[in-house]
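Here's the structure, in structure tokens; my notes come after.
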Amino acid sequence: MWDSIKWLIPNAKLPTWMDGLVALILIIIGCMITQWIVKPLLLKFARFLRRKGHPVIGDIIEQFVPTIRHALFVASIVLGLSVLFEVWFFTYQATKNFFISMMFYFAFKGVYDVLSFYLRHPERFETGRDQDILTPFFLRISKVMVMTIAMFSIASLWNFNLNGFLTAIGLTGVALAFGIRDTLAHIFGGMSVALDKPFQIGDWIMTGDEKIEGVVEDINLRSTLITTSDKGLVYVPNSYLVNRPIYNLSKRSQRKVEYFIFVSSDNTEGQVVQFIESLREQITLHPKVLKNVIHVAMDEMRPGSNRIIVRFFVDTNDTATMLQTKQDILFVSKQFIEDYNIKLVSEQQGTFTWND
């Protein structure tokens, strides 16, 4: 073992027990300073920045704390080994490159941890504003770029010949592009979704073919995660979303209510007109109903029955409020049917239906 050390560090001296004790003390002191001084100070500084209205900078410092601790621990070990062997490690290129490579690793690891933190908590990156769909998408791309830059930075430090490696990657990339056309379509579809911004995380969307409907939970490079109405999780390929109309139901400010009442032809014209006018008046008086569009009229005649359409808009996007308003109007309809002795048709002649 000593021969290996001498081969790596020719001027290394055989350590004594005193050298070992001093090296151990230096390492322990380095750990204590890192754990009891550096870590608390950095965390306190991060909290101070948050109180002063700089939450993003505070989060970045807090996420860098573990890598800073590890970097200082490695530095204390290098210092201890220098004392142990009575030689400064930066004198030799190999040990110097090793130490610098470790520092590079910790620096890029800190950036990677920050990106991972904001990927788990994208709302904090926006400091309380509505979540931008681009944030999680480009955070994932940034993580890949950080790993790539770190790899090439450390490789160049050791004078690794990257030309052949890059050429091989280029040729391999061309070959892979033909084999993963569908995956690339999903990735470019995700980029199109991110740039066009038809929806954001948390939005309730529905595709034009009505096959997919739910709340957007996450947007990946290849797919979009949607929670459906039955609380199931669906991974929808991005290329599927790009090639279909998307209804962003969360952006609605009004909800339409529409239903039909089928009445018998035995009812007199006066009965039907009184019923229609009374129902229209009561719908207008409802505080949640918008006054600009209220339709109550007989819109279809059938043998033995007539159809009355009831259509109005509720000033809300909340489903519970819309359903409560619909229920109120349905009870009013039922009351007027009884008050004016309106006869409804049988199941063979027509039905009483509603939809929204």
(message) To make sure I understand the rule: partners must be lysines, Cα under 16 Å from the Cα of residue 52, and not fewer than 8 residues away in the same chain. Which ones qualify?
(response) 44
(request) List the lysines whose Cα lies under 21 Å from the Cα of residue 109, skipping any in the same chain that are fewer than 8 positions away. (result) 39, 96, 143
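So, R0 is 35 Å and r is the distance between the beta-carbons of residue 17 and residue 91; what FRET efficiency does that work out to, to 0.05?
Values: r = 24 Å, r/R0 = 0.70.
So the FRET efficiency works out to roughly 0.90.
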(message) Which of rounded, prolate or oblate describes the stretch 207-246 when judged by the alpha-carbon gyration tensor and an a/c cut-off of 1.5?
(response) oblate
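Can you list the equivalent-ellipsoid semi-axes of the stretch 199-356, largest first and in whole Å, using the square root of 5 times each Cα gyration tensor eigenvalue?
40, 17, 12
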(message) Need the list of lysines near residue 291 for cross-linking: C-alpha distance under 16 angstrom, and skip anything on the same chain fewer than eight residues off.
(response) 256, 326
(request) Please order 84, 233 by the number of other Cβ within 10 Å, starting at the fewest. (result) 233, 84
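Taking the beta-carbon count within 10 Å as an exposure proxy, list 300, 258 from fewest neighbours to most. Could the numbers behind the result be given before it?
Numbers: 300 12, 258 15.
Ordered from fewest to most neighbouring Cβ atoms within 10 Å, 300, 258 come out as 300, 258.
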(message) Once each part is reduced to its C-alpha centroid, what is the distance from the stretch 9-66 to the stretch 299-340 in angstrom?
(response) 70 Å
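Laboratory data are not the source of any read-out in this text; all were calculated from the coordinates shown. Since the model is a prediction, treat every value here as computed from it, not as a measurement. For neighbour counting, all protein chains shown are included, and Cβ atoms are generated from backbone atoms with ideal geometry for every residue, glycine included.
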